[in-house]
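The values are calculated or read from the model by the stated rules, or taken from the named source; none is laboratory data. Everything numeric in this text was worked out from a predicted model, so none of it was measured. Don't worry about glycine lacking a Cβ; one is built from the backbone with ideal geometry, like all the others, and counts go over all protein chains shown.
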Amino acid sequence: MTTTMIVILVLVVILLLIGAALAIPAMRRRRLQEQFGPEYERTVESAGDRREAEQDLQERTQRRKELEIRPLDPAARQAYAQRWRSTQERFVDAPNEAVDEADTLVQQVMRERGYPVGSFDQQARDVSVDHAGVVSEYHAAHEISLLNVQRQASTEQLREAMVHYRALFAELLEDGGSAAGQTAEENASSR
């Protein structure tokens, strides 16, 4: 090989490495945006730094892999769907208590499915990996629940909280698309 050919080959390799260095973060970003949807933008906005947010989302995904998330058995799914209907019916006479019950019910389903519960922020982070499309609903419901604890939420806000909780609750009842899971979801959201 001549010196010119070696220089050209080295330049081509360097250009390929630069191209790969630029393409890999862009591919990772697209994958995270597709996986997390609106939660991606919320996390970027909250972190204030795209790289930090993407690291956070990758850590969530890794943590989720370590959890043993399981579907509800059909009897539990039916029982939870019935409890949800009762909670929604209670809203008419006791909206504050119904929102508290909805929050508790969502946490109970999460716990039974295998999600750790305790800190709201960690719960939302954990559930965002599997339910990115509705985790924003969970955040909105939680904000209203905090107002409810202080008895500062309006009846309309409490109604909105129930709608937000229902979105996550219905997804948590699913078991991967079986007919039983779909029926329970339809039952939970029909009210």
Flag if Val129 is in contact (Cβ under 8 Å) with a residue 60 or more places away in the chain, of a type outside the set (Gly, Ala, Ser) and more than 18 Å from Leu158 (Cα to Cα):
yes
Only one of (1) over 16 Å from Tyr80 (Cβ atoms); (2) modelled with pLDDT of 95 or more does not apply to Val106, and that is (1)
So for the stretch 76-90 (the condition being out of contact with any Leu (no Cβ under 8 Å at 6 or more places or on another chain) and surrounded by fewer than 10 Cβ atoms within 10 Å (Cβ to Cβ)), does at least one residue qualify?
no
Search result, residues across the stretch 56-75 that are surrounded by 13 or more Cβ atoms within 10 Å (Cβ to Cβ) and not charged (D, E, K, R)
Leu57, Gln58, Thr61, Leu67, Ile69, Pro71, Leu72, Pro74
Take the conditions surrounded by fewer than 13 Cβ atoms within 10 Å (Cβ to Cβ), among the acidic types (Asp, Glu) and on the phi < 0 side of the Ramachandran plot and apply them to Asp49. Does it pass?
yes
Evaluate the stretch 34-46: report whether one residue or more is closer than 22 Å to Ala170 by Cβ, among the hydrophobic types (A, V, I, L, M, F, W, C) and surrounded by 14 or more Cβ atoms within 10 Å (Cβ to Cβ).
yes
Whether any residue in the stretch 74-91 is touching a residue at least 24 places away in the same chain (Cβ under 8 Å) and under 18 Å from the mean Cα position of the chain (by Cα) is what I want to check.
no
Among the residues of the stretch 120-134, are any exposed (fewer than 15 other Cβ atoms within 10 Å of the Cβ) and under 15 Å from the mean Cα position of the chain (by Cα)?
yes
So for the stretch 30-51 (the condition being more than 29 Å from Arg125 (Cβ to Cβ) and modelled with pLDDT of 80 or more), does at least one residue qualify?
no
